[in-house]
Structure formats: C-alpha cells, structure tokens
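Inspection log for the structure reproduced underneath, given as structure tokens.
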Amino acid sequence: MRKLAAIFTLFLGIHTSVSAVEGMWIPSLIDMFHSDMVTYGLKLNADEIYSTNQASLKDAIVQFNGGCTAEIVSDQGLILTNHHCGFDAIQKHSSLEHDYLRDGFWAKNFNEELACPWLRVTFVREIRDVTEDVLAGVTESMSSEKINMLIKENIAKLEEDATSNNSHIKAKIKPFNLGNEYYMLITEDYNDIRLVGTPPSAIGKYGGDTDNWVWPRHTGDFSVFRIYANQNNESAKYSEDNQPYKPAHSLPISCKPKKSGDFTMIYGFPGHTDQHYASGKLKFYMETERPARIKMRQKTLDIIKPAMNANQLTKIQYASKQARIANAWKKWIGQIGGLKQLNALSKKQNFEEEYMAKAAEKTDWKKNYYGVVADLNKLQAQNEKYELARAMFIEYFYVGAEIIRFSNDFEELAFSSDKLESEGKLDEAVNKLLRRSKNFYKNYNADLDMQILTATTPVYLEYTSADLIPDGLNQNWENIVNDIQENSVFRDSSTLQPLLENWGKKSIKKLQKDPALLYSMKLMNAYRMKVAPKYAAFVNEEEKLMKRYVGGMLEMFPDKKIWADANSTLRIAYGKLEGSAPHDGMQYLHYTTIDGIMQKYDPENPDFVLTDRFIELYKKGDFGDYLQDDELWVCFTASNHTTGGNSGSPCIDAEGNLIGINFDRSWESTMSDFMFDESRCRNIIVDIRYVLWVIDKYGEASHLVDEMNIVK
C-alpha cells in the first residue's frame with residue numbers, strides 16, 4: 001500500500017507541476033480537449049465555450065480589424081482590446097490640438113464617440129470540418145497540378161453554397177496541419193466601429209520599447225471601442241442612425257481575488273506559428289534571416305526614436321510607425337536568444353532522427369515519409385538566397401523609407417495615363433491619389449525619411465545577392481539616393497499636389513522622370529523578375545513536402561498531441577496563472593502592482609513618464625474597489641500558448657469571466673512561435689481591475705464601468 005501511495009503521489013506531482021499547455025486548439029473540437037481543461041480547473045461545460053445552437057463564449061470574441069482580438073463586455077456592444085491594437089485609430093484622430101496619444105480620450109456619451117469607418121470586427125458564427133468535401137475526387141495517381149486544381153474548385157463551390165442564402169455572412173476555407181485537414185469559417189463583419197476611450201500613452205504604452213516583450217511589466221495596454229449596428233442589429237456602414245450592437249453574449253468581468261495556479265483561458269485569433277519547420281529552415285532563421293531583418297530595423301529605429309523624443313509633431317506622426325517596426329524587431333531578438341538557450345536546433349534534429357527511425361518500421365511509412373526530412377533540408381539549402389532576398393525586399397521596400405513605396409503607387413498614372421483616360425478612369429485615379437497624398441503627408445517627415453533611406457540601403461545590399469537586385473545598384477546607390485533627395489517631387493506635398501491638381505502632359509513628363517518613382521520601379525521589377533518566381537517555386541515544393549512531413553506525424557505518432565499551427569483563425573489556449581524561473585537564480589512573481597509603476601517612473605526617460613493626474617491619484621491612494629490584499633495589480637503572467645494576433649484576447653477564468661486582456665509574451669517566450677517550452681513560456685496580461693481603475697478613477701468614465709456586468 002505504501003508503494004502504491006508513493007506511485008500515486010509521484011503521478012499527482014508530475015501532473016500538477018507541469019502547468020503550461022502547448023497548443024492553440026480549434027474551438028469546434030472542444031470535446032477533444034474539454035476534459036483536460038477541466039483537470040486544470042475549468043468549471044464550464046463544452047457548449048458554454050463553443051456552440052452554434054446557443055449563446056457561448058465565442059459570441060463575445062471578435063477579430064479586431066483583421067489583426068488583433070477584442071471582446072464584448074456589455075450588452076451595448078462595448079469592446080475592449082489593446083492600446084496598441086487601437087493605436088492606429090487613436091493616432092488618426094490625434095492632432096496638435098487634440099493629442100489623444102498624449103492626453104487620452106473618454107467619450108462621455110454615445111454622441112462623443114469617434115467614428116472609425118476604416119475599422120471592422122469579425123464574428124465567427126461557425127467552424128466546420130470540410131476535409132472530406134475539399135478532398136472529394138482526389139486520388140493518389142493524380143498529378144500535383146490536378147490535385148491543386150480540384151481542391152481549388154471544391155473550395156470555391158463549398159464557399160459559394162455556404163453563403164448563397166445569407167448575404168451578411170462570409171465563408172472561408174483554410175488548410176490546417178499543412179493541408180492535411182480543411183475547415184470552413186463562417187464569419188460576419190460589422191463595419192461601424194467607434195472609439196470610446198483610451199488612456200494616455202503614459203499608461204497604455206508605459207515602458208515603451210524598453211519594456212516591450214519584457215517581464216515584469218506595468219503597461220495598461222487597453223483601449224475601448226463600440227460596435228454599432230442598424231435598427232435590426234445587423235451589420236451596416238457608419239450612419240448616425242445606427243445603434244449600439246446587442247450581442248448574443250458579453251463577458252462578465254471578475255474583480256474577485258486571483259492566485260497563482262488559477263485556471264486561465266485565452267480565446268482569440270493567433271496569427272502565425274511554425275512549429276513544424278525542419279532543422280535546415282530553423283537554422284536559416286536563427287543564423288541568417290532574423291539577424292538580417294533585425295539589423296535593417298535597428299537602422300530605422302536609431303533614426304526615428306531620437307527624432308520623436310525631440311519634437312512633439314514628429315512623435316505624433318511616427319508613433320504608430322515606430323511601434324510597428326519596434327515590435328517585431330525586439331521580438332526577433334528574443335526569439336533567437338530563446339531558441340539558442342533552449343537548444344532548439346539540436347532538439348529539432350533529434351526529432352528528425354526519431355521521425356526517420358519510426359518511418360523505417362513499416363514499408364509504407366518508409367516509402368512515404370523516410371526521405372522527406374532530407375528533402376526538406378536539401379530544398380532549403382538550395383533556395384535560401386531567394387528566401388533571404390524576399391525578406392530583405394519586404395524590409396527595404398515596405399518597412400523602410402516611405403518615399404519608395406509611396407511613389408510606386410503613381411506608376412500607373414505616370415506611364416498609363418492615356419489608357420486610364422480612354423477607359424474613363426483618369427479623373428478617378430488622380431483624385432484617389434490626391435486623397436492618398438493628403439493622408440500621407442500628414443504623417444511624413446522628408447528629412448527623416450531620407451536619413452532612413454541612406455541608412456538602410458547598404459544593409460539591403462549587404463544581405464541580398466548581387467544577381468537579385470537592379471543592375472548596377474551596388475555601385476550607384478549613393479547617387480540614386482542623392483538624386484531622390486534633391487529632385488523628387490514626392491519629398492513634399494507642395495511639389496506633388498500641384499501636379500495632380502493640374503494634371504496634364506507636363507505632369508506626366510515630370511513623374512516619368514522622377515528619381516524616386518524610377519527607383520521604386522527598378523526595385524519592384526527586379527524582385528518580380530529575379531526573386532518572386534524562384535521563391536514561389538520553392539514555396540510550392542516546400543508546401544508539398546511539409547504536407548507529407550506533417551501527415552507522417554499524424555499517422556506515425558497517434559499519441560502525440562499535435563495541434564494545427566496558428567493561421568489567424570479562432571483558437572483556445574489554456575493553462576494557469578503563474579510566474580516562471582527562466583534564468584538561473586531568478587524567480588519571476590506572477591503579478592505586478594501600481595507600486596512598480598512608480599518605481600520605474602523617470603521624467604527624463606520618455607518610456608517611463610507619467611501624467612500629473614496619475615501621480616496625484618497614486619499619492620491619494622484612491623484605488624476604489626479594485627484592490628487585492630491592499631495592492632492594485634497591474635499585470636500578471638499565465639502559461640497560455642499565444643502569438644501575434646492574440647493581442648487584445650480576453651483572459652478568461654474557470655467560470656467564464658474576464659480577468660484580463662492579453663497583450664504580450666515575455667522575452668523568453670517569443671521562441672514559442674517555433675518551439676514551446678513549458679518551463680519558460682508565459683503570456684502577459686493587463687489585469688482587468690487595473691483597466692477598470694483607469695477607466696473609472698483616472699478617466700472619470702464610470703458610466704462605462706456601469707455598462708459592464710461586474711462580478712465581485
């Protein structure tokens with residue numbers, strides 16, 4: 001009996017000590033993992049999490065503008081997401097007269113809420129497994145081209161049939177597990193979204209680049225929007241007649257005390273993971289691709305950040321741009337560090353040996369799967385220069401100096417003006433570019449942009465093979481940059497807009513000779529001719545091999561918990577509220593408090609400034625009903641598997657209540673896009689009680705809190 005008790009105790013200890021759960025699980029398959037969630041503390045039944053027959057948690061979760069996640073928190077369509085997810089909307093509504101980035105914004109009533117007609121939220125109404133229907137008619141004897149064509153035809157028909165009786169919904173079929181499975185997402189967009197409230201950046205972005213991807217964290221990363229609908233509660237474009245949306249479900253908000261070990265669930269739209277990369281691909285990313293992109297972005301950030309700190313207008317103009325550039329830059333640095341510390345490459349190679357050994361056990365397995373690992377790694381080695389060239393083109397053309405990609409928008413107008421006129425489209429094209437230019441120059445600093453172009457061009461040339469760039473660029477790039485700086489009409493609205501407003505032959509000749517436009521065209525043409533075809537062929541072959549590789553995993557390792565990589569579809573991740581010990585001699589607590597904000601406060605460091613009002617409220621100790629053991633929690637960590645796209649996702653407790661808003665991962669966790677490690681991977685969440693305190697006490701917007709269902 002003593003021996004049996006010891007074995008049971010050992011088993012219990014193993015089960016309870018491993019609290020991080022790898023995977024981003026498809027909600028419609030909830031029955032497959034619900035029981036495991038229950039062992040972690042979940043108290044909801046499966047239908048309360050995902051159901052198409054009754055209201056469930058899924059009905060309170062929306063994709064925010066195609067990139068982030070948001071959650072509905074009132075019966076009047078009020079939604080919460082991250083400050084950085086709403087940042088672009090906040091920036092667009094900001095000016096020197098109304099600097100909402102600096103000062104924050106709180107609508108006191110519906111009429112004061114700010115329209116954001118460019119935003120949308122997307123509901124997932126249903127997720128269907130359509131694998132058999134998509135693969136109907138496919139046989140092993142078919143060529144790859146025939147299979148792809150048949151799959152494409154099947155998908156088109158299934159999507160059309162699913163939406164034929166309802167114009168409000170959309171149907172999109174996506175491949176899962178590298179094309180071994182297919183699911184249809186039935187979705188519905190709502191397009192009248194309005195900004196309701198945002199804290200100042202001193203709260204919403206507290207810590208800035210210094211704390212980004214870092215724990216301990218003290219960022220109030222949230223913003224508040226509202227969904228509007230027509231009189232029938234249906235999706236509609238912006239109209240003053242629209243009314244707040246009435247949701248099928250909104251999340252109650254828990255102000256109850258929390259403790260380490262509590263169940264947590266992240267419900268959202270993770271963007272992209274690559275857990276199945278072969279060792280050759282992972283090595284390329286760790287040693288070549290990521291370092292090159294980091295270096296390129298570093299050049300840009302070294303120019304933008306000092307300029308923002310020196311000038312308030314520049315800060316407004318570049319705040320959103322700088323945040324986007326810096327976010328991936330710092331993430332990639334953490335990824336490389338984490339993968340190296342985890343010995344990820346060795347682990348990947350060890351699994352590949354196990355995979356091949358398993359494949360050798362059966363004749364069919366050996367035929368289908370044994371050589372796929374070697375084929376993948378060989379293919380990678382043969383095509384790395386094209387993959388790197390593509391990555392550097394993206395960084396240079398789309399992330400670097402803005403004048404390059406902006407001028408490229410004028411190619412058709414400059415060189416096909418006669419064609420546009422004959423088709424009756426010329427006036428429309430000119431007016432569209434006039435509107436585009438007005439928006440562009442509102443947030444553009446020409447001198448800053450030219451500094452970026454000068455700094456990033458040598459990096460682009462350093463990492464891109466000479467045979468994959470425009471001829472002669474290596475020898476002539478400085479002359480090109482100087483020519484753009486001195487002669488391009490795109491450097492200033494005062495030179496471009498008159499050309500458009502008085503469009504004619506002189507305008508055409510001027511644009512056709514413009515050095516920025518000509519350079520952008522040379523870059524794009526070189527990419528399209530020299531890189532894109534080779535890269536496309538590489539990806540096509542790689543996808544075939546990866547499908548076979550993952551198919552082998554599913555067949556040969558049936559007991560292995562294999563989850564489908566994130567692909568911007570609705571997923572569930574679960575784990576526990578807990579700290580971590582990622583480094584020797586270091587133990588991270590599972591939460592931070594407002595005291596830590598004051599400890600970091602530094603009026604000389606733009607990342608750690610605070611407003612006078614915040615300091616005043618802190619000194620008064622006016623924390624309302626939001627304290628736990630005389631502390632106001634700001635952020636906490638949990639062991640949920642997350643990635644980009646999970647920004648803004650609700651962190652939900654065992655009873656289905658909102659306890660926080662997911663916004664980041666620790667730096668040690670960023671490698672989880674490629675490999676998850678239960679001992680170190682932690683997501684970072686802003687505590688909902690801190691969110692409520694900021695809305696209620698700081699923003700004096702208690703009417704918003706009154707809308708919510710608060711559980712105490």
Scope segment 92-128; condition under 24 Å from Glu240 (Cα atoms), charged (D, E, K, R) and touching a residue at least 24 places away in the same chain (Cβ under 8 Å); matching residues | Lys92, Lys108, Glu113, Arg120
Hey, among Ile508, Ile484, which residue is at pLDDT below 95, in a helix (DSSP H, G or I), within 18 Å of Phe410 (Cα to Cα) and not polar (S, T, N, Q)?
-> Ile508
Out of curiosity, is Ser493 among the small types (Gly, Ala, Ser) and surrounded by fewer than 20 Cβ atoms within 10 Å (Cβ to Cβ)?
-> yes
Taking segment 62-113 and the residues there that are more than 30 Å from Leu185 (Cβ to Cβ), touching a strand residue (DSSP E or B) at 6+ places or on another chain (Cβ under 9 Å) and of a type in the set (A, V, I, L, M), the one that is surrounded by the fewest Cβ atoms within 10 Å (Cβ to Cβ) would be Ala107
Would you check if Leu627 is surrounded by fewer than 18 Cβ atoms within 10 Å (Cβ to Cβ) and at pLDDT 95 or above?
-> yes
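A quick yes/no check of all residues on (1) under 22 Å from Ser647 (Cβ atoms); (2) assigned by TED's automatic domain parsing to the domain that holds Tyr441; (3) at pLDDT below 90:
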{"residue": "Gln298", "(1), (2), (3)": "no, yes, no"}
{"residue": "Ile304", "(1), (2), (3)": "yes, yes, no"}
{"residue": "Ala307", "(1), (2), (3)": "no, yes, no"}
{"residue": "Ala319", "(1), (2), (3)": "yes, yes, yes"}
{"residue": "Asn327", "(1), (2), (3)": "yes, yes, yes"}
Within the group Asp622, Asp664, Asp677, Asp602, which residue is in contact with a strand residue (DSSP E or B) (Cβ under 6 Å, 6 or more places away or on another chain), acidic (Asp, Glu) and not in a helix (DSSP H, G or I)?
-> Asp664
Kindly provide the set of residues from segment 384-419 that are hydrophobic (A, V, I, L, M, F, W, C), within 14 Å of Tyr460 (Cα to Cα) and touching a residue at least 60 places away in the same chain (Cβ under 8 Å), ordered by number.
-> Leu388, Ala389, Ala391, Met392, Phe393, Phe397, Val399, Ile404
Of the listed residues (Ala389, Ala429), the one being touching a Leu at 6+ places or on another chain (Cβ under 6 Å), within 16 Å of Gln512 (Cβ to Cβ) and assigned to a helix (DSSP H, G or I) is Ala429
Take the residues in segment 207-225 that are of a type outside the set (Asp, Glu) and not in a loop (DSSP other than H, G, I, E, B), then tell me which one is farthest from Gly660 (Cα to Cα).
-> Thr210
Helices (runs of 4 or more DSSP H) contained in segment 97-206 and holding at least 3 residues at pLDDT 95 or above | 131-134, 144-163, 201-204
Would you be able to tell me the number of residues in segment 419-434 that are under 20 Å from Ser493 (Cα atoms) and hydrophobic (A, V, I, L, M, F, W, C)?
-> 4
Would you mind telling me which numbered condition in (1) out of contact with any Phe, Trp or Tyr (no Cβ under 7 Å at 6 or more places or on another chain); (2) crowded, with 22+ Cβ neighbours inside 10 Å; (3) closer than 14 Å to Lys259 by Cα; (4) not hydrophobic (A, V, I, L, M, F, W, C) Asp673 fails?
-> (3)
For segment 641-661, the count of residues that are in a strand (DSSP E or B) and in contact with a Ser or Thr (Cβ under 6 Å, 6 or more places away or on another chain) equals 2
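The values are calculated or read from the model by the stated rules, or taken from the named source; none is laboratory data. Please read these numbers as outputs of a predicted model, since none were measured by experiment. A quick note on method: Cβ atoms are made from the backbone with ideal geometry, for glycine too, and the neighbour counts reach across all protein chains shown.
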